[in-house]
Amino acid sequence: MFHCGVALRIYTMQEINPKEIYTTKEAQDFLKISSSTMKRMIKNGIIKAHRVGGTWRIWGDDILLLVSPELEKKVYEKYVDVREKTRKTIEDW
C-alpha cells in the first residue's frame, strides 16, 4: 500500500510464533494495549523484554504467556492467598 509516495507495511498479526522475536509495537498490537501500558509492563517485569541497540525486543513465548489461561489461574490463586493473609492480619490486629 502506498501513502503519499511512501510504501506502508500493512501488518495484521493473526498468531504469535513462540520462537520469533517481536518489537514492542507488534506485541502491543497483539495484546491490544497502549504504548504507555507496554512500557509499564516492561519496567515492572510483567513481560520480559531485551534491549537490542536502542529498541526493546520480546520473544513470542513471553507474549503468549501473558494471554495463557495458566497465568490467569496463577494470578487468581495469588489473589486469593493475599486476600486471605490480609483478612487474617486484620482479624489478629
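Just so it is clear, none of the values below were taken in a lab; they were calculated from the coordinates. The shown structure was predicted, so the numbers you read here are calculated from the model rather than taken from an experiment. Every residue, glycine as well, gets a Cβ built from its backbone with ideal geometry; the counts of neighbours run over all protein chains shown.
Within the stretch 58-76, does at least one residue satisfy the condition of being over 14 Å from the mean Cα position of the chain (by Cα) and of a type in the set (Phe, Trp, Tyr)? For the stretch 58-76, residues over 14 Å from the mean Cα position of the chain (by Cα) and of a type in the set (Phe, Trp, Tyr): present. With respect to the conditions (1) part of a helix (DSSP H, G or I); (2) over 18 Å from Asn17 (Cα atoms), Gln28 falls short on a single one, namely (2).
Pairs linking a residue in the stretch 62-80 that is within 13 Å of Ile46 (Cβ to Cβ) to a residue that is of a type in the set (Asp, Glu), with Cβ atoms under 9 Å and 6 or more positions apart or on different chains, are Ile63/Glu26. When the stretch 23-38 is filtered for residues that are touching a residue at least 12 places away in the same chain (Cβ under 8 Å), farther than 9 Å from Ile63 by Cα, out of contact with any Ser or Thr (no Cβ under 6 Å at 6 or more places or on another chain) and not acidic (Asp, Glu), the ones remaining, listed by number, are Thr23, Thr24.
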